[in-house]
Every structure is written in C-alpha cells, then in structure tokens.
Ligand SMILES: C[S@@+](CC[C@H](N)C(=O)[O-])C[C@H]1O[C@@H](n2cnc3c(N)ncnc32)[C@H](O)[C@@H]1O
C-alpha cells in the first residue's frame, strides 16, 4: 500500500512523509476490519479507498494551509474528510461530529489507535450542537462531505463558524444549481460564497469541487432550527 499511496499523492500534487503513510495504512486496516460491524463504507478496494476517500479528503490542502486551525467536520461518518486532514496536518484541532452512535464509536477507536491529540468525537446532530454555547461561533473552519445540499449545510455550519471563518463543502463537479438555490440561505445566515475550486482525482476516479463560504455576519440566534427542519424546509 505504501507505494500506491506515494504514487497517488504525488499525482495529486501533495507530498507525504513516511509517518503519515503509516498512519493511512493503519486507518485503512481499521476501516476494512471494522466495516461490517460499524457499516462504514461501500468502497473497500485499496486504490478506491486511497483515491476516493483519503486523497479526496485532503483536496483542501491543494488550496490552503490548515495548520493550528480549530476545525469541525460535520457528518464525518467514518472520518471523511476529518481523519485524512488530521493525518496530513498534525497541528489541526478537530471536532468530529456525527449523529450515528456506531460511527462515533469507530472514530473513538481510530483516535485512540492512531494516537491523535486534539481530536474530539461528538455524537450529536448538527442542529443541536449549533445551539450550544461552547460550540457556537468558535471554529476557524468547518467541513462537510456528502452530507446534504448546500443550503441545508449552511444552516448547520454558519452557527459554529467564527466571524471571518470559512466553510468548505466537498461536492461533485456540477454545483451551479445547488449554489443558486443556496443564495437566500447564505444571505440570511451571514455567509458569502468566496470560491469554487474544481479538481480531478487521479486514476480516472472523476471530478470534484470544493465550495468555500466566508462568514461575514453573526448568525441570527434562531438558527439552526430544530432537528430535521433544515432538510424538510430549507431556507
Ligand atoms: C453519506 S455519510 C458521509 C460521511 C462522510 N462525510 C463521507 O464523506 O464519507 C453522511 C453522514 O452524515 C451524518 N449526518 C447526517 N445528518 C446529520 C446531522 N444533522 N448532524 C450530524 N450528522 C449528520 C450521517 O450520520 C452520516 O454518517
């Protein structure tokens, strides 16, 4: 696996040291051995996991540095993009948030076995944590991959983000419709679309995009609304 990881990371434009390769290998082994028990991922082939999960999660590093930032990964599932980003940027302070208890139990194990510092796992819904004082408006950067449409995600992310912070959403190649639909939500929540970066995964695994919003105003106190409402009645 070491050679495959090196090749794919180099093709993607990122350099990776030996210790990081070893952490990815341990993470891969845990993901595969615990997949049945925790229902973690449909993707299990070595190349596919490396490219579609590991590399894709690190795409943000092609565009910006995350060293020492305070980050939350909302709807992290088996740890994407949070865990690969933590491997690549050991100084990242990270909260891994997911509403599924089983996935959080798996993440606790990853944190223990990979010996991560400054990583917290919270089993909660984004709508609930966003209303709680210790978490509200404290994060420099917030991520989500494959969780919901942009206008729903903005309601999850904006309340957790500090003023001037950035929300980074991992999306497929065609995001124009979603961005248009999210214009009203962005305005209401004090967020502004800053950039959309398009990139191609190595090995013909397809195209993706990163959608970046910046927080310009404090989020009104009535957001996020109660669990389930953002999806049922998006802004
Ligand atoms: C399709 S999975 C994607 C997981 C991971 N981000 C990835 O890219 O592989 C969506 C995850 O979001 C979580 N999720 C969905 N809605 C959520 C919410 N409102 N609050 C917290 N987690 C949520 C689910 O439990 C699930 O693990």
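The values are calculated or read from the model by the stated rules, or taken from the named source; none is laboratory data. Fair warning: this is a prediction, and the values are worked out from it, not measured in the lab. Note that each Cβ is placed from the backbone with ideal geometry, even for glycine, and that neighbours are counted across all protein chains shown.
Taking the criterion of being part of a strand (DSSP E or B), more than 9 Å from the ligand (Cβ to nearest atom) and under 13 Å from the mean Cα position of the chain (by Cα), the residues of the stretch 140-157 that qualify are 141, 142. Can you tell me which residues in the stretch 185-203 are touching a helix residue (DSSP H, G or I) at 6+ places or on another chain (Cβ under 6 Å) and assigned to a strand (DSSP E or B)? Within the stretch 185-203, 191, 199 meet the criteria. Every condition in (1) within 20 Å of residue 145 (Cβ to Cβ); (2) modelled with pLDDT under 95 is met by residue 27 except one, and the failing one is (2).
Within the stretch 38-54, the residues that satisfy the criterion of being modelled with pLDDT of 95 or more and within 10 Å of the ligand (Cβ to nearest atom) are 52, 53. When every residue of the stretch 204-216 is checked against the conditions, at least one turns out to be part of a strand (DSSP E or B), within 16 Å of the ligand (Cβ to nearest atom), in contact with a helix residue (DSSP H, G or I) (Cβ under 7 Å, 6 or more places away or on another chain) and within 23 Å of residue 127 (Cα to Cα). In the stretch 185-222, of all residues being under 17 Å from the mean Cα position of the chain (by Cα) and closer than 20 Å to residue 234 by Cα, the one that is surrounded by the fewest Cβ atoms within 10 Å (Cβ to Cβ) corresponds to 214.
Among the residues of the stretch 1-45, those that are touching a residue at least 12 places away in the same chain (Cβ under 8 Å) and part of a loop (DSSP other than H, G, I, E, B) comprise 1, 13, 14, 16, 34, 39, 40, 41, 44. Of all the criteria given as (1) within 23 Å of residue 135 (Cα to Cα); (2) within 16 Å of the ligand (Cβ to nearest atom); (3) surrounded by fewer than 19 Cβ atoms within 10 Å (Cβ to Cβ), the one not satisfied by residue 35 is (1).
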